[in-house]
Each structure stands twice: as C-alpha cells, then as structure tokens.
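Report on the structure given below.
The values are calculated or read from the model by the stated rules, or taken from the named source; none is laboratory data. Since we're looking at a predicted model, the values are computed, not measured. Don't worry about glycine lacking a Cβ; one is built from the backbone with ideal geometry, like all the others, and counts go over all protein chains shown.
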C-alpha cells in the first residue's frame with residue numbers, strides 16, 4: 001500500500017492541489033455552504049479539519065521524502081511543514097473571523113487543525129522514514 005502511495009501521490013502537483021483545496025474550502029463564504037437538515041453528526045467538521053491538515057502535512061512530507069536529501073534535513077523539512085500547517089490553520093481561522101462573510105472563528109477548529117497536523121507529522125516520520133539509511 002505504501003508503495004502505491006509513494007508512486008502515485010509523491011508528485012509535486014498532489015500537495016499543491018491539496019493546499020489549494022484547503023484554501024478554497026476554508027475561505028468559501030458561509031452562504032455558499034449547503035445546510036443539510038437531515039444529516040447531522042455533532043462536531044464532524046473537527047474530523048474534517050483534522051483530515052485536511054493531516055493530509056496537508058503528510059502529502060508535503062511524501063513529496064519531500066522522494067527527494068535525495070539527507071535524513072536530518074528531511075526531518076527538519078517534515079517539522080517545517082508541521083509548523084507551517086499550524087500557522088496556516090490559525091491564519092485561516094482569523095481570516096474567517098475578520099474577512100470571510102458567514103464564517104466565524106472557532107478555537108476548537110484550531111485545535112483540530114493542530115491535532116491533524118501532528119497526526120500527519122507523526123505518520124510521515126513513522127511511514128516515510130522507516131528503513132531509510134542515515135546518509136540519504
């Protein structure tokens with residue numbers, strides 16, 4: 001399974017498209033988001049936030065892992081994307097609060113973004129660095 005993921009998802013366009021999807025989804029005005037009355041799962045949006053930001057970190061780390069880079073530099077790159085993802089999640093919440101109509105600031109969304117980023121970072125370290133030699 002990991003071989004499939006590395007083969008088809010490690011191209012540069014995959015994390016770029018994922019990043020654009022996050023920006024579009026999070027910056028869409030509230031009146032464009034459909035309201036479903038019959039379908040409701042409490043706090044399901046927190047799971048979505050975790051998936052979006054965990055995927056962001058994992059996909060960028062997957063792209064980095066395909067490059068011939070020393071393991072220490074790769075670890076720093078993974079950590080940088082983890083930090084960047086946290087900043088992006090916090091920044092988007094403040095953008096929703098001040099500039100995007102119909103959207104509001106939610107501290108629980110920020111926490112979900114950070115948890116998702118942490119999961120993506122952890123999975124990246126476990127799956128993408130396993131068996132990698134120290135040099136490259």
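Could you tell me how many of the residues in segment 48-71 are free of Cβ contacts under 8 Å to residues at least 24 places away in the same chain and touching a helix residue (DSSP H, G or I) at 6+ places or on another chain (Cβ under 6 Å)?
1
Whether any residue in segment 33-43 is within 17 Å of residue 110 (Cβ to Cβ) and over 16 Å from the mean Cα position of the chain (by Cα) is what I want to check.
Yes: one or more hits.
May I ask you to verify whether residue 123 is surrounded by 14 or more Cβ atoms within 10 Å (Cβ to Cβ), at pLDDT 95 or above, closer than 19 Å to residue 9 by Cβ and under 13 Å from the mean Cα position of the chain (by Cα)?
Considered against the rule, which asks whether it is surrounded by 14 or more Cβ atoms within 10 Å (Cβ to Cβ), at pLDDT 95 or above, closer than 19 Å to residue 9 by Cβ and under 13 Å from the mean Cα position of the chain (by Cα), residue 123 comes out as yes.
Just wondering, is there one or more residues in segment 8-30 that are within 20 Å of the chain's Cα centre (by Cα) and at positive phi?
Scanning segment 8-30 turns up no residue that is within 20 Å of the chain's Cα centre (by Cα) and at positive phi.
Looking only at segment 24-47, filter to residues that are in contact (Cβ under 8 Å) with a residue 40 or more places away in the chain and within 18 Å of residue 112 (Cα to Cα); which one of those is surrounded by the fewest Cβ atoms within 10 Å (Cβ to Cβ)?
Once the filter is applied, the top-ranked residue is 43.
What is the number of the single condition among (1) closer than 21 Å to residue 13 by Cα; (2) over 17 Å from the mean Cα position of the chain (by Cα); (3) crowded, with 19+ Cβ neighbours inside 10 Å that residue 57 does not meet?
(2)
Tell me which residues, restricted to segment 89-103, are in contact (Cβ under 8 Å) with a residue 40 or more places away in the chain and within 21 Å of residue 44 (Cβ to Cβ).
Across segment 89-103, the qualifying residues are 89, 92, 96, 100, 102, 103.
Would you point out the residue of segment 86-100, among those that are in contact with a helix residue (DSSP H, G or I) (Cβ under 6 Å, 6 or more places away or on another chain) and under 19 Å from residue 120 (Cα atoms), that is surrounded by the fewest Cβ atoms within 10 Å (Cβ to Cβ)?
Going through the qualifying residues, I end up with 90.
Among the numbered criteria (1) buried (at least 19 other Cβ atoms within 10 Å of the Cβ); (2) more than 30 Å from residue 132 (Cβ to Cβ); (3) modelled with pLDDT of 95 or more, which single criterion is violated by residue 103?
(3) is the only condition that residue 103 fails.
So, residue 6, is that one surrounded by fewer than 18 Cβ atoms within 10 Å (Cβ to Cβ), in a helix (DSSP H, G or I) and either touching a strand residue (DSSP E or B) at 6+ places or on another chain (Cβ under 7 Å) or without any contact (Cβ under 8 Å) to a residue 24 or more places away in the chain (or both) or not?
Judged against the criteria, residue 6 is not a match.
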